[in-house]
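K.L.:
So that we are looking at the same thing, I have put the structure below in structure tokens.
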Amino acid sequence: MNGLKGQIVHLALLGVAAVAAFGVWSRDDSAQVTLKPNEVEVWGGSPDSVSLLSFDTPTRKLRIEPKKDDSGRYYVGTLEKDEPTSPHPPASGADAGAPPPATKHETVRFIGVKAADEMMKSFAPLRALREIGKIDAARAEEFGFDKPEGTLKLTLGGKEQSLVIGGLTPGGGERYAKAGSGDVYALPGEVVQNLLFAESRLTERDLQGFKPDEVTRVKIIKGSKSRDLTRVPNKVEGWADAATPTKLDETAGNWMSKLGRLHVQDWVEKPASAIGPDNLIVSVAYFAGTKQLGTLELYKLPGEKGNDYFAKSAYGRWYAKVVTSSAEQVEQDAGSIVK
């Protein structure tokens with residue numbers, strides 16, 4: 001009996017050990033799920049641990065500063081660039097003694113939200129498609145490190161990480177990158193493209209973070225007057241007065257469509273002229289049921305060539321210059337919406 005009991009205890013212990021081992025194996029396996037075959041982690045981290053990203057090339061200096069407020073993460077971008085003043089520089093070899101083409105220095109400041117956040121997720125953590133390892137200095141030209149595209153620096157958890165960006169891999173879909181340790185990696189081409197064309201790829205163009213079809217009600221304020229509109233069910237761009245929610249108001253629907261066409265042309269941290277209540281054309285509060293999704297304020301200021309229009313929302317944080325012709329249509333019809 002004692003021998004049988006001992007065997008039972010022994011088998012039970014083996015079972016517990018097997019379950020524990022399986023649990024450890026499962027946890028280790030799940031930790032690697034996000035890594036695709038051949039992928040390697042260059043460095044870890046998360047977007048919340050990044051305090052600065054910079055990317056310098058011979059003609060461009062990009063700085064991306066992560067910020068966070070009650071609405072979530074957003075990014076302030078600063079790009080200094082030297083652009084040739086002539087759109088058609090002399091052909092190579094046409095005049096070897098000619099001076100280099102004149103350039104214009106320009107500084108662009110912008111707000112990034114969705115696209116910038118997705119980009120930052122690709123940098124923290126940073127994963128390469130594959131690791132190539134250290135290369136001999138004689139092979140620098142082969143990998144594009146004799147004339148690198150630029151240098152990426154990321155301040156992550158108070159520690160600076162850096163990569164020298166080299167040339168394209170055979171086939172042109174990836175980029176070679178060299179870490180401070182000398183190890184060379186192949187990065188997804190999209191990662192570098194986002195930095196090279198930051199002003200077009202990372203600049204937020206939407207004034208709101210929610211989707212238009214999420215909105216079920218709006219409150220429009222113009223001066224001392226206001227009006228509530230509600231979306232008509234099963235009607236694309238169909239809106240009605242809140243007092244008669246089933247009666248389609250085409251004028252209101254057309255105005256809401258024009259309002260929805262307002263998008264960011266340029267971000268303006270500090271407008272040249274002070275913006276105050278006298279400049280306000282109309283303000284709109286957006287709701288999904290009883291939950292407020294966001295607000296929008298549209299302002300008009302005298303500009304160098306006619307009027308300039310600026311929109312302000314919590315999502316965008318800064319003033320956004322919008323296309324004049326689109327804003328004029330919103331202004332012209334606002335009086336017929338709020339009487």
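The values are calculated or read from the model by the stated rules, or taken from the named source; none is laboratory data. Since the structure is predicted, the reported quantities are computational estimates derived from the model, not experimental observations. Note that we place each Cβ from the backbone using ideal geometry, even for glycine, and neighbour counts take in every protein chain shown. Protein only, heavy atoms only, side chains kept; ligands, DNA and RNA dropped before computing areas. Shrake-Rupley method; radii C 1.70, N 1.55, O 1.52, S 1.80 Å.
K.L.:
Got at least one residue in the range 181-191 being open to solvent by 30 Å² or more (accessible area, probe 1.4 Å), more than 23 Å from HIS263 (Cα to Cα), modelled with pLDDT of 95 or more and among the hydroxyl-bearing types (Ser, Thr, Tyr)?
P.N.:
No, the conditions are met nowhere in the range 181-191.
K.L.:
Among (1) among the basic types (Lys, Arg); (2) under 23 Å from PRO58 (Cα atoms); (3) without any contact (Cβ under 8 Å) to a residue 24 or more places away in the chain, which single condition is LYS159 missing?
P.N.:
Looking at each condition in turn, LYS159 falls short on (2).
K.L.:
Hey, among LYS291, LYS270, LYS300, which residue is within 24 Å of PHE110 (Cβ to Cβ) and open to solvent by 80 Å² or more (accessible area, probe 1.4 Å)?
P.N.:
On inspection, the qualifying residue turns out to be LYS270.
K.L.:
Quick one: in the range 57-78, of everything that is surrounded by 15 or more Cβ atoms within 10 Å (Cβ to Cβ) and either among the hydrophobic types (A, V, I, L, M, F, W, C) or over 14 Å from the mean Cα position of the chain (by Cα) (or both), which residue is nearest to GLY316 (Cα to Cα)?
P.N.:
Result: VAL76.
K.L.:
Can you pull out the residues in the range 169-179 that are open to solvent by 30 Å² or more (accessible area, probe 1.4 Å) and within 14 Å of PRO148 (Cα to Cα)?
P.N.:
Scanning the range 169-179 gives a single hit, LYS178.
K.L.:
With the condition kept exactly as written, say whether any residue in the range 277-286 is exposed (fewer than 15 other Cβ atoms within 10 Å of the Cβ) and in contact (Cβ under 8 Å) with a residue 24 or more places away in the chain.
P.N.:
No, the conditions are met nowhere in the range 277-286.
K.L.:
Does LEU207 count as within 30 Å of ASP56 (Cα to Cα), modelled with pLDDT of 95 or more, of a type in the set (A, V, I, L, M) and in a loop (DSSP other than H, G, I, E, B)?
P.N.:
Against the criterion (within 30 Å of ASP56 (Cα to Cα), modelled with pLDDT of 95 or more, of a type in the set (A, V, I, L, M) and in a loop (DSSP other than H, G, I, E, B)), LEU207 qualifies.
K.L.:
Show me the strands (runs of 3 or more DSSP E) found entirely inside the range 114-201 where at least 3 residues are farther than 17 Å from ASN38 by Cα.
P.N.:
150-156, 159-168
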